[in-house]
Every structure is written in C-alpha cells, then in structure tokens.
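What follows is a short report on a single structure.
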Amino acid sequence: MSDIEAQIEAQQLHFMQSWMRRDKAAIKKLAERDMMAMVGTHPPELLDRPSFIAAIDEGFVCSGFRLDQCVIRRYGRCAWYAAGAKLDLKVGRTEWSDRFMLTALWRKSRFKGWRIAEFGIAPTARDERFTQSVRRLQLWT
C-alpha cells in the first residue's frame, strides 16, 4: 500500500468516526468548504457542508459502520476513495441500516492536508447476478 493510500484510508476512517461521534468540529476540519454529500435515495439528494454538519445532530446520524476493502486512486492533488460498507444510519426517525457503496473525493491542500470534497453513500444491489454480469465485462479477468 502506498503512503497516499494509507493516508486516505486513515482520513476516511477519521471522517466516519467523527460522524458517528457527532463531532462537528472534526467534520469541519476534515471537510472542504464546498463539500457536497450525495445520498443515494430515489431521487438522489444532496447535502452541502453546512447542511451535513447541522444534520449530524438533528437527523442524519451514523450509529455504526464497518468499512470493507477499499480502492484508492490518485489524480494529481485529488484521490478517489471507494469501498463497500455496512452502515447503521438514522434519517429523521427512520432507521436505515444496510450495505452501502461509499465514495469520497479527497483533495490535498498545501496547508490543510487531505480534506474531503465529495462524499457519497448509496445502497448496493443485493442480486448477485448483477455482480457476476459486471465481472464478465472486465477485460482483465
């Protein structure tokens, strides 16, 4: 694992732990001012940074998580993080515990280090046929 991958994986873990602990100060330090969170509802909904931070206490609570193996790709000053995850969420009064695809775009600044610019969660397909069908499309397998 490269040094960048280890840094991004650690930052993502810190972000998730901060969300779970409802640590708004830590989220503010980790998130870019223009951060957007996309939630994979139907239709998808966006939360900007102020909305996401306010929702931590009021309606978008992460009470538990388990991150699966991740893929991290660097693009210049940015790094793309993607992983499957088991999330225990509460949206308003509704429990939403499921398997999710979690993505994040991390951007490196000169003075503040790696900060999250885009964050997305979406429930994953449960039908194994989709997995097998997509895998057959891969030219390298």
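Which FRET efficiency value, to the nearest 0.05, do you get for E32 and E128 by plugging their Cβ-Cβ distance into 1/(1 + (r/R0)^6) with R0 = 35 Å?
After rounding to 0.05, the efficiency reads 0.45.
Using only protein heavy atoms and a 1.4 Å probe, report how much of V134 is accessible, in Å² to the nearest 10.
Roughly 90 Å² of V134 is accessible to a 1.4 Å probe.
Stretch K90-A10 to full length: gain in nm at 0.36 nm per residue minus the Cα-Cα span?
Length difference between fully extended and current span is 26.4 nm.
Per residue of the chain, what 222 nm ellipticity follows from adding -39500 (n - 2.57) for every DSSP H run with n ≥ 4, rounded to the nearest 500? If you can, show how the numbers build up before the last one.
On the way: 4 runs with 45 residues, N = 141.
So the calculated ellipticity at 222 nm is -9500 deg cm²/dmol.
If you add up the charges near V71, with Lys and Arg at +1 and Asp and Glu at -1, over every other residue whose beta carbon is less than 12 angstrom from its beta carbon, what do you get?
It works out to a net charge of -1.
For a quick check of understanding: with a 1.4 angstrom probe and all protein chains in place, what accessible area in square angstrom does E118 have, to the nearest ten?
We get 80 Å² for E118.
Once fully extended, how much extra length lies between R77 and Q138, figured as 0.36 nm per residue of separation less the alpha-carbon to alpha-carbon distance?
Separation in residues times 0.36 nm, less the Cα-Cα distance, equals 19.2 nm.
How much net charge surrounds R107 when only the other residues with a Cβ under 12 Å from the Cβ of R107 are counted, with Lys and Arg +1 and Asp and Glu -1?
Summing Lys/Arg as +1 and Asp/Glu as -1 gives +4.
How much net charge surrounds S18 when only other residues with a Cβ under 10 Å from its Cβ are counted (Lys, Arg +1; Asp, Glu -1)?
Net local charge, S18 excluded: +4.
Enumerate the residues in the stretch 10-24 having an amide nitrogen under 18 Å from the point lying 7 Å beyond the Cα of S63 toward its Cβ.
Only 17-23 fall inside the zone, counting backbone N under 18 Å.
Can you put F65, F111 in order of accessible area, largest first, using a 1.4 Å probe?
Ranking F65, F111 by accessible area, largest first, yields F111, F65.
Between D48 and S109, what is 0.36 nm times their sequence separation minus the Cα-Cα distance? Round to one decimal in nm.
20.0 nm
The values are calculated or read from the model by the stated rules, or taken from the named source; none is laboratory data. Being a predicted model, the structure only gives us computed values, none of them experimental. Cβ sites come from the backbone with ideal geometry, for glycine too, and all protein chains shown count toward neighbours. Note: accessible area is taken over every heavy atom of the protein model, side chains too, but ligands, DNA and RNA are not part of it. Shrake-Rupley method; radii C 1.70, N 1.55, O 1.52, S 1.80 Å.
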